[in-house]
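Below you'll find the structure, written out as structure tokens, and then a few comments.
The values are calculated or read from the model by the stated rules, or taken from the named source; none is laboratory data. Every value quoted in this text rests on a predicted model; they were computed, and no experiment measured them. Note: ideal-geometry Cβ built from the backbone for every residue, glycine included; neighbour counts use all protein chains shown.
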Amino acid sequence: MVASLNYLFKRVFYSVFIVIGIIVVTYLLIILSPGDPAARWAGNPRGPGAEKAIEFARVELNLDKPLYLQVILFIYNVLTGNLGVSISTKTPVLTAIWTHMSSTLELLIFAYIIGIPIGVLLGVFSSLRRGSFKGDVLESIGFIVANTPSFWTGMALFLVFSEVLGVSSYGRIDTRLATIMGFKPITGFYLIDTLIQGNIILFFDVLKRLIPPAIVVSLYPIGTGIRVVRVLMSEALSEDYVKQAIALGVSRRTVIWDYAFKGIIPGLTQVMGLSFVYSLVDAMVVEYVFGREGLGSLLVGAVVSNDFKLAVATLIIISSFYIIANTITDIVQAWIDPRVKL
Amino acid sequence: MVLAVESKGLSIGYLDEEDRVLWVVKNVDMQVREGEIYCLVGESGCGKTTLGSSIAGVLPPYSVTRGELIIYGRRVIKDDLRSYEGVRGKLTSYIPQNPGSSLSPYMRIWDQFWRVLREQGLNEKTAKERATAILKTLSLGQGVLEHYPHELSGGMLQRVAIGLSLATGAKVLVADEPTSSVDAHLKLQLMRLFKDVRDNYGVTIVLITHDILLAGKACDRVAVMYAGEIVEEGDSISVLTRPLHPYTKLLVDVVPLLGFKKTLASIPGEPPKPGLLREGCYFYERCPFRDEVCLNHVETQVIDGRRVKCWKPLVDKTTS
Amino acid sequence: MRIRVPTLMISVVSTVRRVWKRRMRFRIGLIIVSAITLLAVLSPFIVPYPSEGWGLIPLNETNVSGQPPSLAHLFGTDDKGRDLFSRVLLGSSTALLQIVLVVGVSLVIGLTLGVLAAYYKGLVEYSLNYLIEVFLALPAILIAIPLKMAFGPGLHVIIASMVLTWWAWYGRVASVYARSVCEMDYVTIPKLSGLPGYKIVVRHVLRNVSPPVIVQAVTDFGSVLLEASAINFLGFGLPPDYPDWGVIAQNGLYYITKMPWISLIPGFFIMVTALGFSMIGDALRDELDPKLRRRWRLWF
């Protein structure tokens, strides 16, 4: 218990440092961009009072101070939980981020709930039949799937759904239907929201628009799963303790899952955690193809309108995905492997 | 006399990366009687571990087999067909060379016992009683069950590994170099443990070792292996005191003995590379008693109930 | 640094020959990659409509826009009437250019900093590892967006943004290998006998760390292409008329139901190229790992 608290403390402390680094990098990148955030903050004023208004905005945004002070003040604000107000829309940054991020997260989580079990099962299956025809076919499928650009599969699937099946999968929800039925987002996860409001018709509408993009996003974890599990399982199956379990007459299923597979869970979690972070890019691409709102559209909007507060906040939150994934990996490893202490 | 393990012309080889076969065990006829401690002795690379693995059913998938292996009347190897269904863990079980890496690091000792005992249809309560009883005969407390392997010492792990293979209820235990990682003064203790196990559980033990002293001390019968063949097989005392095969004799001569002023001998030359199949005696190059005939003639003779693979064994020199 | 080029070449050639003999996947991958490389090299000479390939809209635009594949236009024409075959052909050199530049530059930076992070202790170690962690956490696409806003679209944006994230990956890989190398006797003994640090790093550490990191880099070629294409597809990297597979696919997105070939053909090329590189990398990695080398069937 003490050890875990100690670990948590260390992890948080370390993460804060990483986040500070990320803030510095992104702040500098955004400030380098052309355009004047101060003018935007003042509402792009024209006429005689304009310069004064912009000057006032500049002071308000700390842009009049030297660069290092700007950065320090910004870090201070972020760490004290004050992510500020969006410069372009003047709404709190966090709400703007959440409405978009919930969409992306819904897609990603749904895709991984489909993808991880399929990838792992196929990977185990192919590792048990290495060198046979079935194993080779599975391996090749994993290979092709992991090397296909997501926009390509996205477009192909979109074509299939709209032209062949005649199902529209554009957008997140039928907006007309949603307005008529009085749908209101609560958590931001539309699948949950529609269920809470007991709206089965809308639930299926959301589901049918979620499934095609989710299939595309899930191809990456499926492909990676097959390849990584095949490699890890092949190594695990040649461990001494697996051979010993076989010699002791332990049943085949127990040997595969309790002895061999248990040992690869930490490595698998690490790879899956990392691929979840990489899938963010896939999710942005797929959202673009399927016309869904999400982190991609949010970021483009923020950068186009020089909304550096929104952009930096989004970057920080996306980057922290990586830290969260690492933390989960560590916890899983300590949970599975008794030799590892947190 | 019931035969626990019997092999007829058994050969085992491994496929290399170019799909050629390297023969490691060649044409072995072996008879292990029920309830005895049978010892496979030989230098490293002579194929004793491979032979042991074939009994325990843990031959790697890229191995090739010829001949027959019969365990309690079940034909487990018939040329290229290998079927250990209902034999592995039921009739045979394996005591690994390195207990540290042979226990799953992710499970408590109890969980590993449970997975073995579950196969026999025991419920959790009786399984626990059974495990405790087995550990008790190996002088380990019940507390061990709650530990992970990395929390135990090497000697305890060794006994846990023995306990696990006893838990299978198998009739034949194959112990692969059980003493190689044990301190000298514990070796005899371990051998006594094996004898006790044999007496208490009525099992047959196939002991693989390179230590010829240990073979003489602890075993009922000995098979001396050289270059994949059993060159001599017989009861341990007579094989080691009155060797019939030249190799056995040299092997016995190189053993250093405290208190005896004896110049240490060594066997000249090196054992042949595995994989070569040829006529005649494999020991030809190193044999001090060789002659022309040995180059392409070798025959198995039975003398005093001992079998020796040499056409002119050292029978007259030792008995006369 | 004295690199013995002949011996290095011989070992590379013999490895390639051995893997070629044994692995079908390697053969397929090498054939694909050679074909794409050949296309990229020859593309300036064989491209049928060079100006259209580079993004110029033909004069009689309305006559030719949106034509399906035919003999005159092997891959058809796009929405603005440009010959898609020319654009895709020129795209092959863009793809290879991006891969080579991104991996090459990141490899050099990552190897150097990773080895330094493992060799030196104290402040150097901490600050380098910290930098690696920070940049590992940043996806390239996030860096590309502000860079594009600041400097305008172009090759520099895509290269810079990807190098900024990929160097950290090689830094991590290199420092993991280097840490174990630095504990070897052939590093600690010269250190004790007073050989200057830079000499040890170059002569002993770098030389032993490079091969596995380079194999890793070969494995990553496919991923680099996929990531670059995704960034270009989203319009954060190269300008809209550039002959790049990702950009071309983006051009066709709005016409996906009417002229699906505009997007599907460059996408297919990305897939095949990425597949080719991954096959090579995977076969090399399998070859280096003895546990994966054998074909086997399950034996229990």
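Miscellaneous remarks
- The lone exception for B:Val160 - which of (1) assigned to a helix (DSSP H, G or I); (2) away from every other protein chain (no Cβ under 14 Å) it fails: (2)
- Considering segment B:93-104, and only residues there that are touching an Asp or Glu at 6+ places or on another chain (Cβ under 7 Å) and surrounded by fewer than 24 Cβ atoms within 10 Å (Cβ to Cβ), the residue that is farthest from the other protein chains (Cβ to nearest Cβ) turns out to be B:Gln97.
- The set of residues from segment A:233-273 being of a type in the set (Phe, Trp, Tyr) and either surrounded by fewer than 23 Cβ atoms within 10 Å (Cβ to Cβ) or in contact (Cβ under 8 Å) with a residue 24 or more places away in the chain (or both) comprises A:Trp257, A:Phe261.
- For segment C:64-104, a residue qualifies if it is part of a helix (DSSP H, G or I) and touching a strand residue (DSSP E or B) at 6+ places or on another chain (Cβ under 7 Å), and the qualifying residues are C:Val64, C:Leu84.
- Subset tally (residues that are out of contact with any helix residue (DSSP H, G or I) (no Cβ under 9 Å at 6 or more places or on another chain) and either within 14 Å of A:Ser218 (Cβ to Cβ) or modelled with pLDDT of 85 or more (or both)) for segment A:137-164: 0
- For segment B:111-123, the condition of being away from every other protein chain (no Cβ under 14 Å) and either out of contact with any Phe, Trp or Tyr (no Cβ under 9 Å at 6 or more places or on another chain) or under 19 Å from B:Ala175 (Cβ atoms) (or both) holds for at least one residue.
For (1) of a type in the set (S, T, N, Q); (2) part of a helix (DSSP H, G or I); (3) surrounded by fewer than 22 Cβ atoms within 10 Å (Cβ to Cβ); (4) within 11 Å of chain A (Cβ to nearest Cβ), each residue gets a yes or a no:
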residue: C:Val215; (1), (2), (3), (4): no, yes, yes, no
residue: C:Val224; (1), (2), (3), (4): no, yes, no, no
residue: C:Gly237; (1), (2), (3), (4): no, no, no, no
residue: C:Met259; (1), (2), (3), (4): no, no, yes, no
residue: C:Asp286; (1), (2), (3), (4): no, yes, yes, yes
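- Options C:Ile132, C:Ile158, C:Ile189: the member that is more than 15 Å from the chain's Cα centre (by Cα) and either within 14 Å of another protein chain (Cβ to nearest Cβ) or assigned to a loop (DSSP other than H, G, I, E, B) (or both): C:Ile132
- When residues in segment A:160-184 are screened for being of a type outside the set (Val, Ile, Thr), surrounded by fewer than 16 Cβ atoms within 10 Å (Cβ to Cβ) and either within 14 Å of another protein chain (Cβ to nearest Cβ) or in contact (Cβ under 8 Å) with a residue 24 or more places away in the chain (or both), 7 of them pass.
- The residue list B:Leu59, B:Leu81 contains one member that is more than 18 Å from the chain's Cα centre (by Cα) and on the phi < 0 side of the Ramachandran plot, which is B:Leu81.
- Members of segment A:75-98 that are among the hydroxyl-bearing types (Ser, Thr, Tyr), assigned to a helix (DSSP H, G or I) and closer than 20 Å to A:Leu63 by Cβ: A:Tyr76
- Subset of segment C:105-124 (residues that are modelled with pLDDT under 90, surrounded by fewer than 17 Cβ atoms within 10 Å (Cβ to Cβ) and assigned to a helix (DSSP H, G or I)): C:Leu123, C:Val124
- Counting only helices (runs of 4 or more DSSP H) that sit completely within segment B:47-137, those holding 2 or more residues that are at pLDDT 90 or above and of a type in the set (A, V, I, L, M, F, W, C) correspond to B:48-56, B:109-117, B:124-137.
- Within segment A:278-337, being under 19 Å from C:Leu136 (Cα atoms) and more than 17 Å from the chain's Cα centre (by Cα) holds for one residue alone: A:Asp330.
- Count of segment A:214-238 residues which are away from every other protein chain (no Cβ under 14 Å), under 20 Å from A:Glu287 (Cα atoms) and not aliphatic (A, V, I, L, M): 2
- Applying a threshold of 7 Å to beta carbon distances and a minimum spacing of six or more residues, or different chains, the list of pairs starting in segment B:116-139 at a residue that is at negative phi and ending at one that is modelled with pLDDT of 95 or more and not in a helix (DSSP H, G or I) is empty.
- So C:Ala150, is it touching a residue at least 60 places away in the same chain (Cβ under 8 Å), over 24 Å from the mean Cα position of the chain (by Cα) and in a helix (DSSP H, G or I): no
- Taking (1) at pLDDT 85 or above; (2) touching a Gly at 6+ places or on another chain (Cβ under 8 Å) in turn, A:Asn306 satisfies each apart from (1).
- Output for segment A:295-325, where each listed residue is within 10 Å of another protein chain (Cβ to nearest Cβ) and in a loop (DSSP other than H, G, I, E, B): A:Asn306
- Residue that is farthest from A:Ile246 (Cα to Cα), among those in segment B:58-81 that are in contact (Cβ under 8 Å) with a residue 60 or more places away in the chain and not acidic (Asp, Glu): B:Gly67
- Some residue of segment A:128-140 being more than 9 Å from chain C (Cβ to nearest Cβ), surrounded by fewer than 18 Cβ atoms within 10 Å (Cβ to Cβ), part of a loop (DSSP other than H, G, I, E, B) and more than 21 Å from the chain's Cα centre (by Cα): no
- Test set (1) farther than 19 Å from B:Asp176 by Cβ; (2) of a type in the set (S, T, N, Q); (3) within 14 Å of chain A (Cβ to nearest Cβ) - B:Asn27 fails condition number: (3)
- Residue that is in contact with a strand residue (DSSP E or B) (Cβ under 8 Å, 6 or more places away or on another chain) and either of a type outside the set (A, V, I, L, M) or under 25 Å from B:Pro61 (Cα atoms) (or both), where the choices are A:Ala236, A:Ala260, A:Ala247: A:Ala247
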